[in-house]
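Participant: What follows is a single structure, and I will ask about it in a moment.
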There are 2 protein chains.
Amino acid sequence: MTISITPIAGLPMVRPGDDLPELLFAGMQRSGLSLEDRDVLLVCQKVVSKSEGRVVDLRTVTPSPFAEQITASTNGKDARVVEVILRETKRIVKMEAGRLIVETGPGWVCANAGVDESNSGDPHLVVLLPRDPDASARRLVAAAEARSGCRIGVIVTDTFGRPWREGLVDFALGAAGIEPLLDLRGTRDLGGRELHHTILAQADALAAAAGLVMQKGSGIPAALVRGYRFAPGSGGATQLIRPRGSDLFR
Amino acid sequence: MTISITPIAGLPMVRPGDDLPELLFAGMQRSGLSLEDRDVLLVCQKVVSKSEGRVVDLRTVTPSPFAEQITASTNGKDARVVEVILRETKRIVKMEAGRLIVETGPGWVCANAGVDESNSGDPHLVVLLPRDPDASARRLVAAAEARSGCRIGVIVTDTFGRPWREGLVDFALGAAGIEPLLDLRGTRDLGGRELHHTILAQADALAAAAGLVMQKGSGIPAALVRGYRFAPGSGGATQLIRPRGSDLFR
């Protein structure tokens, strides 16, 4: 079965308070797309955050002494941006070589707590991660299912770096309607050997796939994946966070 | 532009010495697929390794004292498998909680040096990573381009775990015909702000996408991605290896 990934284009610059589902449906309509059963709608974090008002005007931010102190070692970052990052940080994982890898409130490990200075639409604004990306995804599922009458999966994506490997890839930050993990344990391989360790991060694979059409700067904030026959589920993307106790690299 | 991911099915169990390009082309033909310009052919490491004879019969392996010693702490692994892993290892990154995260000869950081006990087709055999996955990819590109007269990208994929996140995702281990990294630095975002840090690991995103149709145990060892308008290039997947000196997590 062929899987297709179609960009959803033509959205306006999203602003706080915008009705994101309506903007997405209008974009889909202009792209000649309508929702079908078990489509997966992937939406980049940036537009979700902006529609939810998760933006900060740097002119309102006064850096703490600690933010000022570490700014000196972070490659000329704006101290106010560092302050915003620290406010989104539960724990600093690494602070080295001008980079700030932190754990956010929900437990995501990423650079700069996901605080993003690009594509904000205003040089004074930075965009934060959604407060609860799974809740954002659930709201989008509800709107998409109400509109289409179909079972829809929604994944909120963000673009992260990774240890050990160069380059950025899109990951799942929020999910609803589709289980983020696909557990194949207990199934058998071609030789009949039982698979013991195989749990696939299908939400991350879908996010990476959608990233192929939503590349930064392309103006494509969403994509529709069709043909991936997932089992509908009620899990959320926080299931993708490895608990600190079983993580060898935290 | 819609991107499609089509599974290539119907390959026989691959054996050492098999002509992998011919098996793949026959599989494509049976799936009604022919190569078009700038298709990306993704092939799982397992069949590449097997065709190249990168298998070890455990009955021929005598564990070293060190392999015996660490076997006790690795959740009941077979000491001969540990011995094979150590022979593929340049450096142990983490040895903890029954897990063995190592750096392989070319510098890939992964669990068990990529040595795999499943889908080998014989309970005595384990499959190693290809010796030079970029060279494997180059051979497949040469065969695919000779056959089709088109510019083709090839990516050899493997399924890895990741720090911080649960679940497995497919990554690029070898690449040819397509640059593994897509450098967007110097381009501008929607607000005109220059992107300073944006280098996308497009080969990893393509691998993850292909993983959606090549899930372990599915018997699908390859996939064709169409519609991804990449710029042909001469790089290889080793460019995805972050040098140890600039890696905060090694």
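Participant: Do you know which residues across the range B:177-235 are more than 8 Å from every other protein chain (Cβ to nearest Cβ), buried (at least 23 other Cβ atoms within 10 Å of the Cβ) and either on the phi > 0 side of the Ramachandran plot or touching a Lys or Arg at 6+ places or on another chain (Cβ under 8 Å) (or both)?
Facilitator: B:177, B:221
Participant: Can you name the residue in the range B:27-53 that is without any contact (Cβ under 8 Å) to a residue 60 or more places away in the chain and farther than 18 Å from residue A:2 by Cα and is also surrounded by the most Cβ atoms within 10 Å (Cβ to Cβ) among such residues?
Facilitator: It comes out as B:51.
Participant: Let me ask something else. Looking at (1) more than 20 Å from residue A:238 (Cβ to Cβ); (2) assigned by TED's automatic domain parsing to the domain that holds residue A:218; (3) modelled with pLDDT under 95, find the lone condition where residue A:150 falls short.
Facilitator: All conditions pass for residue A:150, except number (3).
Participant: Still on this structure, please answer the following. On the basis of being under 26 Å from the mean Cα position of the chain (by Cα) and crowded, with 18+ Cβ neighbours inside 10 Å, does residue B:96 make the cut?
Facilitator: Considered against the rule, which asks whether it is under 26 Å from the mean Cα position of the chain (by Cα) and crowded, with 18+ Cβ neighbours inside 10 Å, residue B:96 comes out as no.
Participant: Also: Restricting the search to the range A:174-208, which residues are closer than 27 Å to residue A:133 by Cβ, part of a strand (DSSP E or B) and over 14 Å from the mean Cα position of the chain (by Cα)?
Facilitator: A:177, A:178, A:182, A:183, A:199, A:200
Participant: Looking at (1) part of a loop (DSSP other than H, G, I, E, B); (2) over 17 Å from residue B:153 (Cβ atoms); (3) charged (D, E, K, R), can you tell me which one residue B:22 breaks?
Facilitator: Among (1) part of a loop (DSSP other than H, G, I, E, B); (2) over 17 Å from residue B:153 (Cβ atoms); (3) charged (D, E, K, R), residue B:22 violates only (1).
Participant: Now for a separate question. Among the listed residues B:56, B:82, B:102, identify the single one that is buried (at least 17 other Cβ atoms within 10 Å of the Cβ), touching a residue at least 24 places away in the same chain (Cβ under 8 Å) and either under 22 Å from residue A:198 (Cβ atoms) or assigned by TED's automatic domain parsing to the domain that holds residue B:9 (or both).
Facilitator: It is B:56.
Participant: On the basis of being among the hydrophobic types (A, V, I, L, M, F, W, C), more than 13 Å from every other protein chain (Cβ to nearest Cβ) and under 29 Å from residue B:149 (Cα atoms), does residue B:35 make the cut?
Facilitator: It is true that residue B:35 is among the hydrophobic types (A, V, I, L, M, F, W, C), more than 13 Å from every other protein chain (Cβ to nearest Cβ) and under 29 Å from residue B:149 (Cα atoms).
Participant: Here are some conditions: (1) surrounded by 13 or more Cβ atoms within 10 Å (Cβ to Cβ); (2) without any contact (Cβ under 8 Å) to a residue 40 or more places away in the chain; (3) closer than 22 Å to residue B:130 by Cα. Residue B:67 meets all but one. Which one does it not meet?
Facilitator: Result: residue B:67 passes all but (3).
Participant: I'd like the residue in the range B:116-169 that is among the basic types (Lys, Arg) and more than 8 Å from chain A (Cβ to nearest Cβ) and, out of all such residues, is farthest from the chain's Cα centre (by Cα).
Facilitator: B:147
The values are calculated or read from the model by the stated rules, or taken from the named source; none is laboratory data. Computed from a predicted model, the values in this text were never measured in an experiment. A quick note on method: Cβ atoms are made from the backbone with ideal geometry, for glycine too, and the neighbour counts reach across all protein chains shown.
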